[in-house]
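The values are calculated or read from the model by the stated rules, or taken from the named source; none is laboratory data. A quick note: this is a predicted structure, and the numbers were derived from the prediction, not measured. These accessible areas exclude ligands, DNA and RNA; they are computed on the full protein's heavy atoms, side chains included. Shrake-Rupley method; radii C 1.70, N 1.55, O 1.52, S 1.80 Å.
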Amino acid sequence: MATTEEMDKMYRWTRYIYDFSRKYYLLGRDRLLNEMELKPGDRVLEIGCGTARNLVKLARARKDIRCYGLDVSTEMLATANAKVKFYVLEDRITLKHAMAEELDFAKTFELNAPFDAAFFSYSLSMIPTWSKAIDAVLANIKRGAAFYVVDFWDQGKWPRWFRWLLKHWLDMFHVQYRPELLEYLRELDAQGVGTLTIKSVAGQYAFIATFRKL
């Protein structure tokens, strides 16, 4: 389990350059934000919101929705709260400190109904208890709602040397490509829990998965 202490140690200083550095290799994030099917009045949650980069971008583009984010790192949340305040979005973005697998819409965010949509942006590859995080999200979105995932795939259409280099780079940040993640989603689809669609980003560098709860 990734603890607050471990994540705070990792991001205590790197949070200041996180958004600048990650834009070069966390591909597909903006595409995910653009492709999410959202309606006016929807409440949208990001699990592992980090610096709130995605939530701020989403809230500024969609002034008719309400955004929520949780993260296990208090250091990242400090940066996130400062960013939300800078863009004067305090009334439209709510941030909470919590573990992904402990998500509860009522207890965590004091809401009276589940979320209309949720998404993971390169966070499941850093969550050791990723399957529990997925189960928690399924329990906290409405029937008919979807959660979305953008994360690393197998880079199947990229040269072997690039795959080797990327893996060793990601290891430095405790990030792991999880082939079992998509298999888990496929199993949930086969069990009738929901319907899954998968799209490739940049030659299988990453994937965007949409899982709609039945």
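Some notes on this structure:
- Its relative contact order, with pairs defined as Cα atoms under 8 Å and 6+ residues apart, puts the chain at 20 percent.
- Sequence of ARG31, ARG143, ARG60 from largest to smallest accessible area, 1.4 Å probe: ARG143, ARG60, ARG31
- Protein-only accessible surface at a 1.4 angstrom probe places the residues TRP164, TRP130, TRP169, TRP158 in the order TRP164, TRP169, TRP158, TRP130, largest first.
- Surface accessible to a 1.4 Å probe, GLU183 within the full protein complex, Å²: 90 Å²
- Note on HIS97: accessible area is roughly 100 Å² with a 1.4 Å probe, heavy atoms of protein only.
- Here SER131 sits with roughly 40 square angstrom of accessible surface, probe radius 1.4 Å.
- Heavy-atom surface analysis with a 1.4 Å probe gives region 79-214 a carbon and sulfur content of 56 percent of its accessible area.
- Sorting ASP116, ASP135 by accessible area puts them as ASP135, ASP116; the probe is 1.4 Å, largest comes first, and only protein heavy atoms count.
- With all protein chains kept in place, the per residue accessible area of the chain amounts to 50 square angstrom at a probe of 1.4 angstrom.
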